[in-house]
Every structure is written in structure tokens, then in C-alpha cells.
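This report refers to the structure that appears directly beneath it.
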Amino acid sequence: MNETLEALKGKLKNELHEAQNEKHQESGTLSITTRSSASLSVDEDSAALEEAARSMGAVLGKLRKQGAASASAAFDFFKPSKNKTVEASHMLEEIQRLQALPEDKASRLVEYLDPSHNGQIPYKRFRTVVYRFLTTSHNFHSCLSDEVFNVIMNRIQAHLQGQNLSITQGFQQCDTDGTGKVDGNKFMAALRSLHLGLSEKEVVQLFVTLQSTEAPPSAGQAGGRQVVQNGKVVLSAFEAVVAHASRNHQRQKCPENVGPIVDPR
């Protein structure tokens, strides 16, 4: 009986945690759900993830020639259902029809994308693997122009200042191990939750740009540090870059009502 009660308590606690995260996300505040079944667990085999990302890159290369330039457009190619899932068998058939991968690699990719082994591939899982590939491929997406980069940094700073938060404080929930560094996938999820008007492609382009960005020399201890190290965003360096880019934006007096940001490159 005691075991049953404990199990019920645990279930209620999990449901409350998920409801709180959903409430935060709907309000536009920065809250990252780490319990999502579509998120990558730290226990997952990194070798399998890396193979899935490489295979996804081959599929994206084929789809880009057909005009699919984002994760959502690539997913739509496979004709998802209303609940944003694709039948695994259908995706496998389409990948084989595209001749994007050898049969064995195509099968392993589809198997990886179906973590519940129920024959359905959820969009979030698909998107996570897409982003994993994009964050390790510098050639697939170009960096943002300086002007667009400064506009985005200014928007990030203004959004968090409106909540009386510093950059580090705003992204602190993503720093689950307390190292001051945030995994690239969690960082991009955080950016999406800020509702800055960025497309998925622009979120990835921002991360790619940060991979080649250093904090300005005037940034104290963070000065000269790479913003992204080993696939993780160093929050102190990122905060310095945001402040520097925001000042540049103010000096350039770029209009804030630029609407959806489209990089000219």
C-alpha cells in the first residue's frame, strides 16, 4: 500500500512539474523543460546521436534542393499528421526514394527518431537531431551579417532587462550542471522560448555565428574567450557579446521595427 501511495505521489509531482513548465512557456518567460520525451537524455549513446546527425545531414542536403530550408519544412515533406508525428515506415520509404542514405543507415536513422518504438516519429525529436547536425556543420548555414547579429543581441538584452534579469540569470535554468556553460541544443531551445521573431533557420545561424565569436577584450575576465566551447555556450562570454553588440546597435541607430529578421546572405 505504501509503495502504491509513493508511486501516486511521484506521478502527481511529475505532472505538476510539467504543468508549471508549460505555463512558463506560454507566458513567454525563459523556462526549459528538461523532462520532455523528445529531449536528448544525458544517458543516450553519443555515438548513435552523432551517426543520426550525420545521416540527417545527408537527408537535409537532398531536401534543401527541393526547397526545404528549415527543420519544419523538412518535416512537412514527410506529410505529418495533425499531432505532428510521421509514420516511421513512411519516412523510411521517402528517405530511400530520395536516395539520401544506404538502406542500413536510413533504417538506423529512423529507428533513432522513434525513441518510443511505436512507429511514430515526433517533430521535436526530428528537430533536435536536425539542430545537432546544424550546430556541427559550418557549411550548411552561413553566419549572420553584423547588422542582423546586433539587432538580435539587442532584442535579447531588452527582453531580459524587461524581466529584471541579466543574460546569465536569464539562461541560468539551462545551466543544469552549474558550470556556467549551456549545451547548444538547450541554448537554442531557450532562444525560441524568448519569442524574438526568429525563424528556426535564424536561431541556428545565430548559434553558428556565436561559434566564431569572441567576447570583446574590454569584458574583464570574459574578454577574448570563445562564446562557444566544445558545443556549449559560455554564459559570461555570451553576456559580454550581447552587451557589446547591443551598444553597436544603439550607435548605428538601426530601426527596431524591422519585423521578421531575414539575413541578406
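A DSSP coil position with no more than 16 other Cβ atoms inside 10 Å describes the following trypsin sites (Lys or Arg not before Pro) in the range 60-140: Lys65, Lys82, Lys84. For the range 46-136, rounded, prolate or oblate, judged on the Cα gyration tensor with a ≥ b ≥ c (square roots of eigenvalues), a/c < 1.5 rounded, else prolate if a/b > b/c? It comes out rounded by the Cα gyration axes.
Of His90, His195, His249, the sequence from fewest to most neighbouring Cβ atoms within 10 angstrom is His195, His90, His249.
Once the C-beta distance of Lys65 and Arg192 is scaled by a Förster radius of 25 Å, the resulting FRET efficiency is 0.40 to the nearest 0.05. Once C-alpha pairs closer than 8 Å and six or more residues apart are averaged by separation and normalised to the residue number of the range 146-252, the relative contact order reads 35 percent. Inter-label distance, Ser89 to Gln163: 4.4 nm, where each label sits 7 Å from its Cα along the C-beta direction.
Going by neighbour counts of Cβ atoms within 10 Å, the residues Leu134, Leu92, Leu196 line up, fewest first, as Leu196, Leu92, Leu134. The label-point distance for His117 and Asp146, in a model that sets each label 7 Å from Cα toward Cβ, rounds to 5.5 nm.
Hey, any idea what Rg/Rh is for the range 143-237, computing Rh the Kirkwood way over Cα pairs? Taking Rh as the inverse mean 1/r over Cα pairs, Rg/Rh reads 0.92.
Mind giving me the FRET efficiency for Lys79 and Leu49? R0 is 25 Å, r the Cβ-Cβ distance, nearest 0.05 is fine.
Efficiency computed from Cβ-Cβ geometry: 0.45.
Every read-out reported here was derived from the displayed coordinates using simple, explicitly stated rules and does not represent laboratory data. Everything numeric here is computed off the predicted structure, so don't read it as measured data. With ideal geometry, Cβ positions are generated from the backbone for all residues, glycine too; neighbour counts draw on all protein chains shown.
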